[in-house]
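The structure under discussion appears below in the form of structure tokens.
The values are calculated or read from the model by the stated rules, or taken from the named source; none is laboratory data. Predicted, not measured: the structure shown is a model, and the values here were computed from it. Glycine also receives a Cβ, built like all others from the backbone with ideal geometry; neighbour counts cover every protein chain displayed.
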Amino acid sequence: MPRATPERPSLPAALARSYAGLGVASRSVLLAVSGGADSTALLVGTARVREALALRVEVATVDHGLRAEASEEVTSVVGLAARLGLTCHVRRLALSPGAGMEARARAARYATLEVLREERGLDFVATGHTLDDQAETLLMRLSRGAALRGARAIHARASSLIRPLLACSREDVLAFLATEEVGFVRDPMNADPSFFRTRMRLDVLPALNRAAGFSTVEHLATFARLASEDEALLAGLADAAWERLVLPGGGLDPVGLRALEPPLSRRVLARLLDTAGARVDHATLERGRDVVAHGGTLALSGGLLLKVTGGRVRCVGTERKLPPTPLVLAGPGARGDFGAWRFQVAEGLPPPGVLALVLEEGTAWPLTVRSRKQGDRIRTRAGHRKVQDALVDARVPAEARAAQPVVVDARDAALWLPGVLPRSAMSGAPSSAVACRHSLWAFPPASSERRTPPL
Ligand SMILES: Nc1ncnc2c1ncn2[C@@H]1O[C@H](COP(=O)(O)OP(=O)(O)OP(=O)(O)O)[C@@H](O)[C@H]1O
């Protein structure tokens, strides 16, 4: 099938360009390699260009403990890394099969990789996501109702995570591995039709390409990249509009909100609903804009109402649940509850299923566990992030956000959103850093299936 563009650089050349574009040259990177085609091409291709880029490279492979064949895959990755002269770290997890297994494995894997990256003093974790992953993700999100924000799909860089293969297609990957005569493993889960992604990869995209008469992945991926830039612009304008329209004492100026163009009024209204803890979807937003324009009342999730009252657009509670009472942790040994979560300041490895944040030497005690406040920001390696944005990206449902713990120090600086950020805070995984220092353990609510961090 003819490609969308005739001229394709070699995979190592495309990788070198990505690394340079991401500002990764002369830096250090931990390659996440499963032994599948994409990450094997990432490994071999990076080994080819590392000297020219003065890149320090190490490799990590994770055995989730879920499949018998995984130990063979680990052995093959270790062997390939050794042949390429690269140090390879093996991390073994002990996950149990069952509900949400894929998401749990992904969250544990990323947390493990992040801890290892920090331990090894490396700048980035690199994964083998490709153009095809981008196209599949975009189509999946659009078909589930995403608009421009969701169409941003996979980012080439998110904090310390990079995806340098994102400009290469799966076809490029397979051609490169064939030329290099390097084998790879095939994960049976990638052929399991019970996953939407598998059906998208094996049924929908090939059918779309056949109907178009050419490979569509590059066009789809370009759309995702442009959508990302467009969304960033709109989000900035919406933030500025929010600052203009938010009134002292809460609520928004209805006259100013009505005057906004629909793309901005939707975003500003979505922020109002989200801040109040209501679920935001397309239908609710359109009905909400109707209330802003013509008056009336809209029932929202979580027992909230949207109305224009007292010269302001507000979300008012009916039987809305109050956020849990803040919990103060005075120092080592302290423990207590925040809503359905339990916290304890302890030493050593947390038990399985318990999240832990390693506490720095100079931690400003006491720590407080409270619900989020407007304007909360959390420090990440890439700078500061709005807590609000981190919760949205982590897909914590709007109605659950008031119950999401925010751990702050004595200066009210947010240190931890258990299960959300930072990704290096993790669940019972082996880490020497956790073993020898004080850490804050968070026991998640037993009944809830926690959503996983994003990539
Ligand atoms: N067992 C593993 N060990 C190390 N890295 C892995 C492992 N599994 C996956 N990866 C890394 O993650 C990338 C994506 O893998 P895959 O598409 O299978 O993940 P996923 O579970 O679908 O989730 P996501 O795509 O969001 O990471 C791989 O290219 C590789 O870099």
*Name the residues in the range 55-73 that are more than 10 Å from the ligand (Cβ to nearest atom) and at pLDDT 95 or above, would you?*
L55, R56, V57, E58
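Okay, residues lined up against (1) among the small types (G, A, S); (2) more than 13 Å from the ligand (Cβ to nearest atom); (3) modelled with pLDDT of 90 or more; (4) farther than 27 Å from L11 by Cα:
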| position | (1), (2), (3), (4) |
| --- | --- |
| H155 | no, no, no, no |
| A158 | yes, no, no, no |
| P164 | no, no, yes, no |
| A167 | yes, yes, yes, no |
*Close pairs from the range 183-196: first among the hydroxyl-bearing types (S, T, Y), partner modelled with pLDDT under 85 and more than 11 Å from the ligand (Cβ to nearest atom), Cβ under 8 Å, at least 6 apart*: none
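Considering A156, A68, which residue is surrounded by fewer than 21 Cβ atoms within 10 Å (Cβ to Cβ) and closer than 21 Å to F176 by Cβ?
Step by step, each of A156, A68 is checked, and only A156 is surrounded by fewer than 21 Cβ atoms within 10 Å (Cβ to Cβ) and closer than 21 Å to F176 by Cβ.
In the range 364-383, what residues are within 11 Å of L415 (Cα to Cα) and without any contact (Cβ under 8 Å) to a residue 60 or more places away in the chain? So that I can check it myself, show each step before the final result.
As a first pass, look at the range 364-383 and keep what is within 11 Å of L415 (Cα to Cα): 364, 367-369, 376-380.
The answer is A364, T368, V369, D376, R377, I378, R379.
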*Looking only at residues in the range 119-131 that are more than 10 Å from the ligand (Cβ to nearest atom) and surrounded by 17 or more Cβ atoms within 10 Å (Cβ to Cβ), which one is nearest to the chain's Cα centre (by Cα)?*
F124
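In the range 77-99, how many residues are more than 12 Å from the ligand (Cβ to nearest atom) and either touching a residue at least 60 places away in the same chain (Cβ under 8 Å) or farther than 17 Å from L116 by Cβ (or both)?
The initial filter retains those residues of the range 77-99 that are more than 12 Å from the ligand (Cβ to nearest atom), namely 79-80, 82-87, 94, 96-99.
Now narrow it down to the ones that are either touching a residue at least 60 places away in the same chain (Cβ under 8 Å) or farther than 17 Å from L116 by Cβ (or both): 79-80, 82-85, 94, 96-99.
Of the residues in that region, 11 qualify.
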*Quick one: G145 ticks every box in (1) more than 21 Å from E72 (Cα to Cα); (2) within 10 Å of the ligand (Cβ to nearest atom); (3) surrounded by fewer than 17 Cβ atoms within 10 Å (Cβ to Cβ) bar one, so which box is it?*
(2)
*Go through the residues of the range 25-36 one by one and say whether even a single one is within 30 Å of P97 (Cα to Cα), near the ligand (Cβ under 10 Å from one of its atoms) and over 23 Å from the mean Cα position of the chain (by Cα).*
no
_Out of V328, V345, V316, sole residue that is at pLDDT 85 or above, over 24 Å from the mean Cα position of the chain (by Cα), closer than 30 Å to T284 by Cα and part of a strand (DSSP E or B)_ = V316
*asked:* If I ask for residues that are within 11 Å of the ligand (Cβ to nearest atom) and small (G, A, S), which ones from the range 37-54 would you list?
replied: A37, S39, A41
*Identify the residue in the range 188-229 that is charged (D, E, K, R) and in a helix (DSSP H, G or I) and, among all such residues, is nearest to the ligand (Cβ to nearest atom).*
R197
